[in-house]
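Here's the structure we're looking at; comments come further down.
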Amino acid sequence: MSALRLQRNCLGFEVHDGNRLMTLYRAQEELPRRESPKPCFAPIYTPSNILITEYRPADHAWHTGLYFGWVHANEANLWGGPWYLPETGKYEYVENSHGVQRHNAFTDERTDPAGVSLKERLTWMDQADRPMALETRAYAFRKLTDLSGTFWTLSTEIQPTVDRLRIASSQAPARYSGLELRMGPPFADAMHSSSEGLVGHENIMGTRARWVCAAGATGGAVIMMDHPQNPRHPVTWFTRKNLLGAGLLMSGPLELKRGEILKLRYGFAILDREPETGEIENLYKKEMA
């Protein structure tokens, strides 16, 4: 079995499975300010080389594969694109309102027989480039021995640098915000299923679950898992046919004071086939315990 390998590049880093590219992490790409530039994973491939992600699609250029997007961070937009304005019931661009999740540095890079890992330091900048929060993310990637695929652990700690940091979802009815995956062909019409036995993105949208699986039309699947120690576990999910998101803020905003830390941890599995419910449950118990 080939080993995972992490390779730095001018954008951030790549993870390879032998000679095959598994993903590219874009830490510091130059993008228009109205897209609220933010680090992201794009592309992401299954072990059999099926493309999962869609990056900067024409309809939503601020959707960038797998990313953390925070719609309202105090008065700044850390998601990108237009704001939903309740007073008009429409999405409209608000000039000088977009912030940035700025990459600062990578640290603690490690490679061992279990896989590869590293940490990232970031700063949340508001619309005037004033720091709002410091963030430390940890990424770990390893191969699954009992399933054909890989398992990622995405952890983050967010600490305000201002007296009060209020993070909230979009005020649109969908109330999206948080960890989000934009999927493209052949995952653009994925079949979703949840730990609560629900099937179909329409049925899962706005419900709570420990995990949600999205299976591609021509094979492959991804599973996003909410850790039991996350606030508001089990999380409320944002699901559309080409979207899968852990909607931490769908049930309401969170407010942090200076000195407080918001800790989040998610699991993300990439498989060559759609797993059975029992297989997902076993994986969840093993990885999220």
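The values are calculated or read from the model by the stated rules, or taken from the named source; none is laboratory data. If you're wondering where the values come from, they're calculated on a predicted model, not measured in any experiment. Heads up, the Cβs are rebuilt from the backbone with ideal geometry, glycines too, and the neighbour counts pull from every protein chain shown.
For the reader, a short list of remarks on this structure follows.
- Residues satisfying the stated conditions in the stretch 183-200, i.e. under 24 Å from Lys285 (Cα atoms) and either of a type outside the set (Gly, Ala, Ser) or touching an Asp or Glu at 6+ places or on another chain (Cβ under 9 Å) (or both): Met191, His192, Ser193, Ser195, Glu196, Leu198, Val199
- Selection status of Trp62, touching a helix residue (DSSP H, G or I) at 6+ places or on another chain (Cβ under 7 Å) and modelled with pLDDT of 95 or more: yes
Matching residues to (1) among the small types (Gly, Ala, Ser); (2) buried (at least 16 other Cβ atoms within 10 Å of the Cβ); (3) in contact with a strand residue (DSSP E or B) (Cβ under 9 Å, 6 or more places away or on another chain); (4) closer than 14 Å to Ser195 by Cβ:
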residue	(1), (2), (3), (4)
Trp211	no, yes, yes, yes
Ala214	yes, yes, yes, yes
Val222	no, yes, yes, no
Arg232	no, yes, yes, no
Met250	no, yes, yes, no
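- In this structure, Gly178 does not qualify as of a type in the set (Gly, Ala, Ser), out of contact with any Cys (no Cβ under 6 Å at 6 or more places or on another chain), surrounded by fewer than 22 Cβ atoms within 10 Å (Cβ to Cβ) and modelled with pLDDT of 95 or more.
- The condition of being in contact (Cβ under 8 Å) with a residue 60 or more places away in the chain, surrounded by fewer than 21 Cβ atoms within 10 Å (Cβ to Cβ) and touching a strand residue (DSSP E or B) at 6+ places or on another chain (Cβ under 8 Å) holds for only one of Gln101, Gln159, that being Gln159.
- Unique match (being closer than 27 Å to Tyr45 by Cα and of a type in the set (S, T, N, Q)) among Thr161, Thr239: Thr239
- Filtered residues of the stretch 113-163 (kept if over 23 Å from Leu283 (Cβ atoms) and among the β-branched types (Val, Ile, Thr)): Thr123, Thr136, Ile158, Thr161, Val162
- The single residue among Gln159, Gln127, Gln171 that is among the polar types (S, T, N, Q), outside any strand (DSSP E or B), over 29 Å from Arg20 (Cα atoms) and modelled with pLDDT of 95 or more turns out to be Gln127.
- Residue in the stretch 66-87 that is surrounded by the most Cβ atoms within 10 Å (Cβ to Cβ), counting only those that are at pLDDT 90 or above and part of a loop (DSSP other than H, G, I, E, B): Trp79
- Selection over the stretch 174-196 of residues that are in contact (Cβ under 8 Å) with a residue 24 or more places away in the chain and in a loop (DSSP other than H, G, I, E, B) gives a count of 12.
- Unmet requirement for Pro57, which otherwise passes all of (1) in contact with a strand residue (DSSP E or B) (Cβ under 8 Å, 6 or more places away or on another chain); (2) over 30 Å from Glu274 (Cα atoms); (3) in contact (Cβ under 8 Å) with a residue 60 or more places away in the chain: (2)
- Number of the condition not met by Leu256 [criteria: (1) farther than 22 Å from His201 by Cα; (2) surrounded by fewer than 17 Cβ atoms within 10 Å (Cβ to Cβ); (3) touching a Lys or Arg at 6+ places or on another chain (Cβ under 9 Å); (4) of a type outside the set (D, E, K, R)]: (2)
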